[in-house]
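Structure, as structure tokens:
The values are calculated or read from the model by the stated rules, or taken from the named source; none is laboratory data. In this text the structure is predicted, and so the values were computed from the model without any measurement. A quick note on method: Cβ atoms are made from the backbone with ideal geometry, for glycine too, and the neighbour counts reach across all protein chains shown.
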Amino acid sequence: MAFMDIQEIMRHLPHRYPFLLVDRVLECEPGKRIVALKNVTMNEPHFPGHFPHHPVMPGVLILEALAQAAAVLSYVTENKVPDEDSVVYFAGIDGARFKKPVMPGDQLILKAEILRNMRGIWKYATRAEVDGEVVAEAEMMAALRNM
């Protein structure tokens, strides 16, 4: 599976506005990796307060965007579509590093690779880039669960 538009992404993620942080999937190899993007725009609700004089996307939202891309990869890998009873929980974040600020007008490229999946706990290597430069990276663990 390669390209996914926003409608297809919403079929594979339980998140919705204003917390849906993946706009498009560019590449997806089930069981291996995903490349997605998020267009960073000034009209996002966090920018008036972070920071009014110098808008910067909060690092936790960059990590959340990476986690959402990884969740899409997991759902596609399992050939599952979440329903109203589905949720994706963070199980851990290791080695998170922020290299450069992300600002309105940037196109955030989200990359996630599956490191392992054991007993429903997924581990990923993730990296966010802007213009080919790494802006953030982390190893993440998540659990896909039904409520």
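If I filter the stretch 35-47 for residues that are free of Cβ contacts under 8 Å to residues at least 60 places away in the same chain and of a type in the set (D, E, K, R), do I get at least one hit?
Among the residues of the stretch 35-47, not one is free of Cβ contacts under 8 Å to residues at least 60 places away in the same chain and of a type in the set (D, E, K, R), which makes the answer no.
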Checking the condition within 23 Å of Ala2 (Cα to Cα), crowded, with 16+ Cβ neighbours inside 10 Å and in contact with a Pro (Cβ under 9 Å, 6 or more places away or on another chain), which residue from Leu66, Leu73 passes? Leu73
Which one is surrounded by the fewest Cβ atoms within 10 Å (Cβ to Cβ), of the residues in the stretch 3-18 that are more than 17 Å from Thr77 (Cα to Cα) and not polar (S, T, N, Q)? Tyr17
Residue by residue through the stretch 19-36, note down the ones that are surrounded by fewer than 18 Cβ atoms within 10 Å (Cβ to Cβ) and either within 21 Å of Glu129 (Cβ to Cβ) or out of contact with any Asp or Glu (no Cβ under 8 Å at 6 or more places or on another chain) (or both). Leu20, Arg24, Leu26, Glu27, Glu29, Pro30, Gly31, Lys32, Arg33
So which residues in the stretch 120-146 are at pLDDT 95 or above, among the charged types (D, E, K, R) and more than 14 Å from Gly95 (Cα to Cα)? Glu129, Asp131, Glu133
For the stretch 89-113, which positions are touching a strand residue (DSSP E or B) at 6+ places or on another chain (Cβ under 6 Å), surrounded by fewer than 16 Cβ atoms within 10 Å (Cβ to Cβ) and small (Gly, Ala, Ser)? Ala91, Gly92, Gly95
Answer with yes or no whether Met141 is surrounded by 18 or more Cβ atoms within 10 Å (Cβ to Cβ), of a type in the set (A, V, I, L, M, F, W, C) and more than 19 Å from Leu37 (Cα to Cα). yes
Contact list please: Cβ distance under 6 Å, first residue in the stretch 75-98 and within 26 Å of Val134 (Cα to Cα) and among the charged types (D, E, K, R), second residue modelled with pLDDT of 90 or more and part of a helix (DSSP H, G or I), pairs at least six apart or on different chains. none
Looking only at the stretch 10-43, count every residue that is of a type outside the set (A, V, I, L, M, F, W, C), under 16 Å from Ala65 (Cβ atoms) and modelled with pLDDT under 95 and tell me the total. 6
Here's a check for you: in the stretch 55-67, which residue that is touching a strand residue (DSSP E or B) at 6+ places or on another chain (Cβ under 8 Å) and of a type outside the set (Gly, Ala, Ser) is farthest from Arg116 (Cα to Cα)? Met57
Given the criterion closer than 19 Å to His15 by Cα and over 17 Å from the mean Cα position of the chain (by Cα), identify the matching residue among Lys80, Lys38, Lys100. Lys80
